[in-house]
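Novice: Attaching a single structure in structure tokens format; questions to follow.
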Ligand SMILES: Nc1ncnc2c1ncn2[C@@H]1O[C@H](COP(=O)(O)OP(=O)(O)O)[C@@H](O)[C@H]1O
Ligand SMILES: [Mg+2]
């Protein structure tokens, strides 16, 4: 066994005995980290799922350009060709008055009965315009709208623009809140971890003093405490992941109604493997940082 | 004899050299004042003087626990006052220290307490185990190696502390009132052990205010008074 490995083994052994000696304070630190990560993680889940909805919206982002009434097929086709020239257009589909009525009748939401009594078809012809992927943004949409508005023969434009903007604003609010809350919680849990490691250092000050008397260097003295912080953090992260998953399993079915309001028909999803790993790693980082902060002044001599 | 000696005049085999060392913890009062002395390889020297004379301060300066206010301290060729952060641990690995209150790790066995010295320097585990065993045998505690310190008598605990100080074969041994907490019979036992260390070539400093001890062994005696060296007496030639 190399000397380096045996030093690692010694540090692990010292950390294990340290954790055993201060089980209660270590548990407090781990739970603090877990609480932080549960709250941050819950906001994270909300943001991730809301972002998925926005992405989904982007995918089927379409602009409907309703044509003025009374155009013949040639004129409609000419407008279709012109719309194709507009910036960022991927494809343009012409939907005639008859096709529009047909679609409406077949659509799930239609109340076909409403139209039964009518002599004339009240639905206008329209152009269904899809954007190239890189233009599926607020700016891309604005440019397209501007170009389409300049085309005579287009009476009205329909798009989910306002709704998307509102949703995006809500999302950035949630994100901002999550960041703020996360920062506060992270600082608070760092302080608590720092406190518990300080306590551990204090409880073992005589041991540290003895190690230094026989020539232990700074790394030898400090490594077990960093490992203890790391273990507390990973335990907290794993606990948080478990709690989040449990809450998710329980809350998603119970809150289906509210979730539909928030996410529409996008299915809510839990963190994937990478996201879950980030939670545990986040805990590990919190634990390490907390103990590093406790050790910055160096063990008391 | 070497009081006030200059570096150029120093004996080549001096392991510890102090040149005009002073230490003040508070302005206006001196714990040590203008102390110069040398300790050679294999030399055994008592450091005596009443309580508060500066014995502990002198030892703490020698293993880098305190910095001198004035003067130079050379231990094993290193200027202790100018060591870098990593230099002090490196120096301490070559010095053994023993205290009145033993300073054992309560949650580690006798064997593990002695092994700490070797762990710190990264001695391979297998080699460390046999050296610890040999050392415990030398202090007569091999049968106690799996016990915890609290199960041991004071004399046994101090033998463990001495084993810990010696297991890495230090060139200098500093013992501050090593028998201060022990009964007279145990005192002799411990002192014989320490005297044996010097006969193997280690430079040994023993601080004590016990005059009977000093006269029994007839070794060199540096007597401190109020932080000054009041006397530096060579060994009596009557020692066994
Ligand atoms: N850490 C300290 N802070 C302030 N004064 C100290 C400190 N250590 C020792 N002293 C003072 O230095 C003097 C010498 O003390 P010390 O070296 O402990 O003497 P001894 O070991 O001979 O009893 C005493 O007057 C003591 O009060
Ligand atoms: Mg003293």
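Values in this text are rule-based calculations from the coordinates and carry no lab data. On a predicted model such as this, the values are computed, not experimentally measured, just so you know. Glycine also receives a Cβ, built like all others from the backbone with ideal geometry; neighbour counts cover every protein chain displayed.
Novice: Need one value for B:64-71: mean number of C-beta atoms belonging to other chains within 10 Å of its residues' C-beta atoms.
Specialist: Working: counts 1, 4, 0, 0, 0, 0, 0, 0.
Mean partner-chain Cβ count within 10 Å for B:64-71: 1.
Novice: Which percent, to the nearest 5, of DSSP beta bridges fully inside chain B are antiparallel? Could the numbers behind the result be given before it?
Specialist: Working: 19 of 37 bridges.
For chain B, the DSSP antiparallel bridge percentage is about 50.
Novice: Give the calculated FRET efficiency between residue B:26 and residue B:185 to the nearest 0.05, with a Förster radius of 56 Å applied to their Cβ-Cβ distance. All intermediate terms of the calculation are to be shown ahead of the outcome.
Specialist: Details: r = 40 Å, r/R0 = 0.72.
According to the calculation, E is roughly 0.90.
Novice: Over what distance in Å are the Cα centres of the range B:185-238 and the range A:31-104 separated?
Specialist: 94 Å
Novice: Assuming 0.36 nm per residue, please report the length gained on full extension of the stretch residue A:72 to residue A:139 beyond their Cα-Cα distance.
Specialist: Working: separation 67, 0.36 × 67 = 24.12 nm, distance 3.32 nm.
Length gained, residue A:72 through residue A:139: 20.8 nm.
Novice: While we're looking at this one, here's another question. Mind pulling the per residue volume of the convex hull built on the Cα atoms of the protein assembly as shown? Å³ is fine.
Specialist: Numbers: hull volume 122.4 nm³, N = 541.
Normalising the Cα hull of the protein assembly as shown by residue number yields 226 Å³.
Novice: Any idea what angle helix B:154-166 forms with the longest principal axis of chain B, computed on alpha-carbon atoms, 0 to 90 degrees, nearest 10?
Specialist: Approximately 70 degrees, to the nearest ten.
Novice: Still on this structure, I have one more. Using alpha carbon centroids, what distance separates the range B:76-127 and the range B:10-41, in Å?
Specialist: Using only Cα atoms to place each centre, the spacing works out to 23 Å.
Novice: Going by alpha carbons, how many degrees (0 to 90, nearest 10) lie between the helix axis of A:218-254 and the longest principal axis of chain A?
Specialist: 40 degrees
Novice: Treat the count of other C-beta atoms within 10 Å as a stand-in for reagent exposure and order B:20, B:211 from fewest to most.
Specialist: Numbers: B:20 16, B:211 11.
Sorted ascending by nearby Cβ count, the order is B:211, B:20.
Novice: Place a point 7 Å from Cα of residue B:195 in the direction of its Cβ. Which residues in the range B:145-173 have their backbone N less than 18 Å from it?
Specialist: B:159, B:173
Novice: What's the average, rounded to a whole number, of partner chain beta-carbon atoms within 10 Å of each residue's beta-carbon in B:119-127? Before the final figure, lay out each step's value.
Specialist: Working: counts 10, 11, 6, 7, 2, 4, 4, 1, 0.
Neighbouring Cβ atoms belonging to other protein chains average 5 per residue here.
Novice: Quick one: angle between helix B:125-138 and the longest Cα principal axis of chain B, in degrees between 0 and 90, rounded to 10, please.
Specialist: The two axes meet at around 80 degrees.
Novice: In addition: What does the structure give for B:97-105 when I average, per residue, the other chain Cβ atoms found within 10 Å of the residue Cβ?
Specialist: If you average over the peptide's residues, the count of other-chain Cβ atoms is 2.
Novice: Assuming 0.36 nm per residue, please report the length gained on full extension of the stretch residue A:270 to residue A:243 beyond their Cα-Cα distance. It would help to have the intermediate numbers written out before the result.
Specialist: Working: separation 27, 0.36 × 27 = 9.72 nm, distance 1.23 nm.
Fully extending the segment from residue A:270 to residue A:243 adds 8.5 nm.
Novice: Once you wrap a convex hull around the alpha carbon atoms of chain A, what is its projected area averaged over all directions, in nm²?
Specialist: Details: hull surface 92.6 nm².
The Cα convex hull of chain A, projected and averaged over all directions, gives 23.2 nm².
Novice: Helix-derived [θ] at 222 nm for chain A: sum -39500 (n - 2.57) over DSSP H runs of at least 4, divide by residue count, nearest 500?
Specialist: Working: 11 runs with 215 residues, N = 301.
The helix-only estimate for chain A comes to -24500 deg cm²/dmol at 222 nm.
Novice: Here is a follow-up. Mind ranking B:103-114, A:269-280 by how tightly packed they are, going by the mean number of other C-beta atoms within 10 angstrom, highest first?
Specialist: Values: B:103-114: 19.8, A:269-280: 14.8.
Per-residue mean Cβ counts within 10 Å order the peptides as B:103-114, A:269-280.
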